[in-house]
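Only one structure is covered here, and it is reproduced in the block below.
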Amino acid sequence: MTATSRRIVLAARPTGMVDDTTTRLEEVDVPEPGPGQAVVQVGWLSIDPTIRTWMDDAPGYLPPIELDAVIRSGAIGEVVASATDRYAVGDTVFGMMGWQDHAVIDEGESAAQVLPPGVDPTLAMSVLGVTGMTAYFGLLDVGQPKEGDTVVVSGAAGATGSVVGQIAKLEGAGKVVGIAGGPEKCAWLVDELGFDAAIDYKAGPVGPKLRELCPDGIDVYFDNVGGEILDACLANLALRARVVCCGAISAYNGRADSPGLKNYFSLITRRARMEGFLILDYTARFPEAQGDLLTWVLEGKVKHSVHVVDGLEHAPEALNLLFTGGNTGKVIVRL
Ligand code: NAP
């Protein structure tokens, strides 16, 4: 009897949250590796907001996921069959293997990366993975914080934002303010992660709180959410501020409805810079960030939270957590 493998494909393009009309769980035969290929038993899925953007039929930095194709995502798994010297059976690998029990990888350059033996998959997918790298390079390279700066980060209790705020403190920021949804997340940022203050954007308008907490203006704003929160930060910039455009999650579930910015002209009056970046451009420099972040994690200077969801079939719900704010820290699905 042939063993079967499950996978989740894009059944239709969502207009809002994903559900069982837009995704479909299928069973297929476990693949065999062809020449130059290996088969991976996927163990962990990285759940990232950008997956939702790949479901739209819209131009992006990667092509849209095709209808009926496996949902693309980063994943960690173990090589269970190999017909290439590049991967040995038993290797733990990270790559874009998607929402499926078994993935075929090939020996091409960008296929998958072999991880060191014994690596903690949750750490490799969070602080030492894409979100940690995004926090590190987005803040330090694009934001260029200076000693004593006031740094504000939105999506602050998420995988990226929570690391941004802690790095900012370690790099000598004078004040770090996080913006997050709900009193529990705000308390976590201040009490556990050492942020100086947190604003619960669900409790009222952000602008007046920013003016109160940042009387001299914001020197670095790390934007994970876009929309009204970005606009409120633009209205409160310090002279020569840097606005780091990392993500715009408030717009991913209904792009057409996104409000425009009213306060962009602050960039002129405050002689500020607003710059987007993609972490894909920094892959060659990951080892330098991983070295710093691992040291800080081991020294207890960078803390992190992981939100693990069990079961491939729950991957769509896990993705939706990012948009409802049901997560604190990195969302990962364990297969
Ligand atoms: P995350 O922050 O762990 O999760 C997303 C968080 O966004 C949620 O927990 C939620 O927290 C918040 N959120 C959702 N909808 C919101 C809204 N309408 N307004 C305000 N906050 C909202 O996710 P992540 O993986 O670390 O990604 C964070 C951002 O970084 C995303 O925009 C992502 O696309 C971006 N990113 C960019 C790059 C790059 O290369 N540029 C790489 C990785 C990630 P609350 O409970 O606080 O609302």
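The values are calculated or read from the model by the stated rules, or taken from the named source; none is laboratory data. This is a predicted model, so every value here is computed, not measured. Neighbour counts run over all protein chains shown; Cβ positions are idealised from the backbone, glycine included. Ligands, DNA and RNA are excluded from the accessible area calculation, which covers all protein heavy atoms including side chains. Shrake-Rupley method; radii C 1.70, N 1.55, O 1.52, S 1.80 Å.
Only one of the numbered conditions (1) closer than 24 Å to Asp141 by Cβ; (2) part of a strand (DSSP E or B); (3) within 14 Å of the ligand (Cβ to nearest atom) is not met by Leu230, and that is (2).
In the range 309-319, what residues are within 16 Å of the ligand (Cβ to nearest atom) and either outside the structural domain of Gly16 (by TED's automatic domain parsing) or open to solvent by less than 30 Å² (accessible area, probe 1.4 Å) (or both)? Within the range 309-319, Val309, Ala315, Pro316, Ala318, Leu319 meet the criteria.
Output the residue which, of all residues in the range 182-208 that are open to solvent by less than 20 Å² (accessible area, probe 1.4 Å) and of a type in the set (Gly, Ala, Ser), is nearest to the ligand (Cβ to nearest atom).
Narrowing the range 182-208 to residues open to solvent by less than 20 Å² (accessible area, probe 1.4 Å): 182, 186, 189, 193, 195, 197, 199, 206-207.
With of a type in the set (Gly, Ala, Ser) added as a condition, the list becomes 182, 197, 207.
Working: Gly182: 6, Ala197: 15, Gly207: 15 Å.
Once the filter is applied, the top-ranked residue is Gly182.
Within the range 108-123, the set of residues being in a strand (DSSP E or B) and open to solvent by 50 Å² or more (accessible area, probe 1.4 Å) comprises Gln113, Val114. Of the residues Ile71, Ile105, Ile65, Ile51, the single one that is open to solvent by less than 40 Å² (accessible area, probe 1.4 Å), within 13 Å of the ligand (Cβ to nearest atom) and on the phi < 0 side of the Ramachandran plot is Ile51.
Just one of Asp219, Asp257, Asp223 is of a type in the set (D, E, K, R), within 16 Å of the ligand (Cβ to nearest atom) and modelled with pLDDT of 95 or more; which is it? Walk me through it before giving the result.
Numbers: Asp219 fails: within 16 Å of the ligand (Cβ to nearest atom); Asp257 fails: modelled with pLDDT of 95 or more.
The conditions single out Asp223.
Inside the range 134-153, can you point out the residues that are farther than 13 Å from Gly217 by Cα and open to solvent by 10 Å² or more (accessible area, probe 1.4 Å)? Across the range 134-153, the qualifying residues are Thr134, Tyr136, Leu140, Asp141, Gln144, Pro145, Lys146, Glu147. Within the range 282-305, is even one residue more than 19 Å from Leu170 (Cα to Cα), under 13 Å from the mean Cα position of the chain (by Cα) and either touching a residue at least 12 places away in the same chain (Cβ under 8 Å) or crowded, with 19+ Cβ neighbours inside 10 Å (or both)? So far as the range 282-305 goes, no, none of its residues is more than 19 Å from Leu170 (Cα to Cα), under 13 Å from the mean Cα position of the chain (by Cα) and either touching a residue at least 12 places away in the same chain (Cβ under 8 Å) or crowded, with 19+ Cβ neighbours inside 10 Å (or both). Among residues of the range 325-335 being in contact (Cβ under 8 Å) with a residue 60 or more places away in the chain and under 16 Å from the mean Cα position of the chain (by Cα), the one that is farthest from the ligand (Cβ to nearest atom) is Val333.
Among the residues of the range 234-287, which ones are among the acidic types (Asp, Glu) and farther than 13 Å from Tyr221 by Cβ?
If we filter the range 234-287 for residues that are among the acidic types (Asp, Glu), which is where we start, we get 257, 275, 281.
The answer is Asp257, Asp281.
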